[in-house]
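Below: one structure, written as structure tokens.
The values are calculated or read from the model by the stated rules, or taken from the named source; none is laboratory data. These numbers were taken from a predicted model, which means no experiment stands behind them. FYI the Cβ positions are ideal-geometry reconstructions off the backbone, even for glycines, and counts take in every protein chain you see.
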Amino acid sequence: MSLTKASYAMLNGAVANILDFGAVGDDSTDCTTAFQAALASGAKNIYVPYVIYRITAPLTYGTNGQKVFGENGGPFSNYTTMIKYTGTATAS
């Protein structure tokens, strides 16, 4: 019996975690590459745990219907996901 490595694109509805792609939510590490890798993975749903992620370049979505979602802790919680864009280029 042989095993096949499954990709996110093969797993309908599987949720990818941005941390699995190397993102570090410390408000200083550039996470652009990790976000772009997650978007290119084919995952339909990409979860971004609460903290602050720094992005320095525009991102390109990979597939139709792809969703990136984080957390909004609401009025009684500090658990909120934030993505800061600190690049100089603008998307066209």
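Just a few scattered comments:
- In the set D20, D26, only one residue is assigned to a helix (DSSP H, G or I), at negative phi and charged (D, E, K, R); that residue is D20.
- Selected residue (criterion: surrounded by the most Cβ atoms within 10 Å (Cβ to Cβ)) from residues of segment 8-51 that are β-branched (V, I, T) and over 19 Å from T88 (Cα atoms): I18
- Members of segment 46-69 found to be out of contact with any helix residue (DSSP H, G or I) (no Cβ under 9 Å at 6 or more places or on another chain) and either farther than 18 Å from G87 by Cβ or assigned to a helix (DSSP H, G or I) (or both), listed by number: Y50, V51, N64, G65, K67, F69
- Top-ranked residue of segment 73-83 - restricted to ones that are touching a strand residue (DSSP E or B) at 6+ places or on another chain (Cβ under 6 Å) and surrounded by 13 or more Cβ atoms within 10 Å (Cβ to Cβ), ranked as modelled with the lowest pLDDT: T80
- Residue match in segment 23-41 (condition: at pLDDT below 90 and among the hydroxyl-bearing types (S, T, Y)): yes
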